[in-house]
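Coordinate-derived values only; no laboratory data. Fair warning: this is a prediction, and the values are worked out from it, not measured in the lab. Cβ coordinates were reconstructed from backbone atoms using ideal geometry, including for glycine residues, and neighbour counts include every protein chain displayed.
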Amino acid sequence: MFEENPRFASKLWHTINVAFEGPDQLTTEPENLPLPAQRGNPSRVVPPSNRAPMQEEIVPAPGAYGPYGPGDDTYFHDGHSGACGGECGCTNCGTGCGDGMCGCEPGCGCGCGGEAGCGCESGCGCPCGCGAESPCILACGDTVCLMGEGDAEACHTIRIGVPKWQELMIFGGVHGFKGPYDQARDSGNFGFHEGFNAGYKVPFSEAGYQIGYQAVHSQLHGDKDTGISDPHTQQFVTVGLFRRAQNGVQLGIAWDMLRDERWGAIDFHQLRTELALIDRGCHEFGLTVAAHLNEHEMFPADEDNGSTLFQATDQYLLFYRFHGNRGGEGRVFGGINDDEDAIIGADVLIPIQDRWSLSTGFTYLIPEEDAGADGASHEAWNIGITLVWHWDSRARKCHSNCYRPLFNVADNGILIVDERPGAAATGD
């Protein structure tokens with residue numbers, strides 16, 4: 001009967017051990033069959049004490065990602081299952097091998113004997129190292145004492161935590177732009193750009209924050225109107241705080257900075273906010289407001305004509321954004337600025353492979369001045385094509401991440417430098 005039902009045999013032997021206070025282990029004699037959870041590995045026998053209470057019939061092999069072996073990312077917690085990688089609405093996220101909880105994880109055991117990546121955390125009272133003569137190694141290589149081998153009085157263990165990005169995108173591409181800040185240097189601004197955008201989780205909250213940067217190189221062979229032979233460089237920085245949602249209200253705020261080197265290194269700053277209503281993670285309607293934070297006063301050669309003030313133009317935009325179920329999204333927007341100029345634009349992000357996406361878009365500021373010298377000198381536009389690389393092959397599933405950056409890194413279509421003739425500067 002035992003040979004026909006090995007599960008019954010193992011449970012019966014465990015019951016006998018408990019009833020008679022026998023040793024809490026299974027003998028390796030041939031008459032004892034392996035546990036059902038060993039699945040084709042009869043030589044590996046696991047003591048009942050090392051089995052998880054809720055996974056009594058399933059004992060994962062060392063280094064497995066889930067109860068069913070490598071590649072299975074299902075974890076169990078309070079009877080629920082599901083993978084937790086920062087996804088929106090993720091609850092009851094389970095625990096896996098070596099997830100940071102104190103003590104040894106089920107099926108992992110203490111020490112290093114074949115359990116690389118598992119074991120217990122440092123400071124939890126588990127055995128130190130893989131042997132009596134080895135250096136002091138906690139949690140299987142987690143911390144190493146380089147001096148005074150095995151001597152607790154000769155060294156301190158210091159652990160430093162760094163923020164973990166939930167989404168990382170590295171990008172590069174080509175662009176063209178024009179704006180009032182060009183002034184006499186107006187031969188066109190074609191060039192290349194590169195940068196990154198990373199999203200993080202705010203500890204102990206459902207909010208996220210982001211840090212992004214990009215460098216822009218334009219007029220690579222100088223300018224014919226001014227005779228300047230050097231190209232000019234711009235640097236953009238975006239830092240934001242946001243809360244994404246699958247349904248309901250989604251909002252965020254970001255600070256953008258531009259360091260422009262067309263007429264010396266000059267910084268422009270703006271504050272950008274976004275408020276939107278999103279329906280089932282697909283359709284999004286919202287409002288974007290951008291407000292300048294500083295100004296710069298530039299003087300022409302003939303100072304009798306007065307000064308010209310430059311600043312990031314204030315924008316008031318309505319937008320509609322559509323999210324695809326494979327990671328892509330597209331947005332169209334329109335509105336006005338504080339000088340009664342119209343602004344229209346669109347942008348899209350299209351996954352083309354697990355690690356790669358294609359991003360493109362444009363912005364056009366339509367001046368209220370009449371066509372001709374005035375209109376041409378006050379218009380502004382930006383267009384670009386960008387190839388995006390996604391960390392951890394998340395190009396097709398980044399839409400499900402609550403901590404993916406809400407704001408694109410600023411560029412010449414997001415932070416538009418405009419002029420205000422005859423005004424006095426209020427700050428640098």
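When 256, 392 are sorted by how many other C-beta atoms sit within 10 angstrom of their C-beta, beginning with the fewest, the order is 392, 256. Remark: 370, 225 ranked as 370, 225, counting other beta-carbon atoms within 10 Å and listing the fewest first.
Restricting to Cα pairs below 8 Å that are 6+ residues apart, what does the relative contact order work out to for the stretch 330-428? Please round to a whole percent. Relative contact order of the stretch 330-428: 22 percent. Using only the alpha-carbon atoms of the stretch 165-421 as identical scatterers, what base-10 log of I(q)/I(0) does the Debye formula give at q = 0.08, 0.11 Å⁻¹? So the normalised log intensities are -0.32, -0.60. The length gained on full extension between residue 255 and residue 297, counted as 0.36 nm times the residue separation minus their Cα-Cα distance, comes to 12.9 nm. Computed over neighbours whose Cβ is under 13 Å from that of residue 387, the net charge equals 0, Lys and Arg +1, Asp and Glu -1.
Under the combined filter of DSSP loop state and at most 15 neighbouring Cβ atoms within 10 Å, the stretch 199-306 retains these trypsin sites (Lys or Arg not before Pro): 224, 280.
The residues 279, 267, when put in order of fewest to most other Cβ atoms within 10 Å, stand as 279, 267. What FRET efficiency, computed as 1/(1 + (r/R0)^6) with R0 = 30 Å and r the Cβ-Cβ distance, is obtained for residue 283 and residue 352, rounded to the nearest 0.05? Efficiency, rounded to the nearest 0.05: 0.80.
The relative contact order of the stretch 165-421 comes to 21 percent, based on Cα pairs under 8 Å that sit 6 or more residues apart. The magnitude of the dipole of the stretch 165-421, with charges of +1 and -1 set on the Cβ of Lys/Arg and Asp/Glu and taken from the Cα centre, is near 2100 debye.
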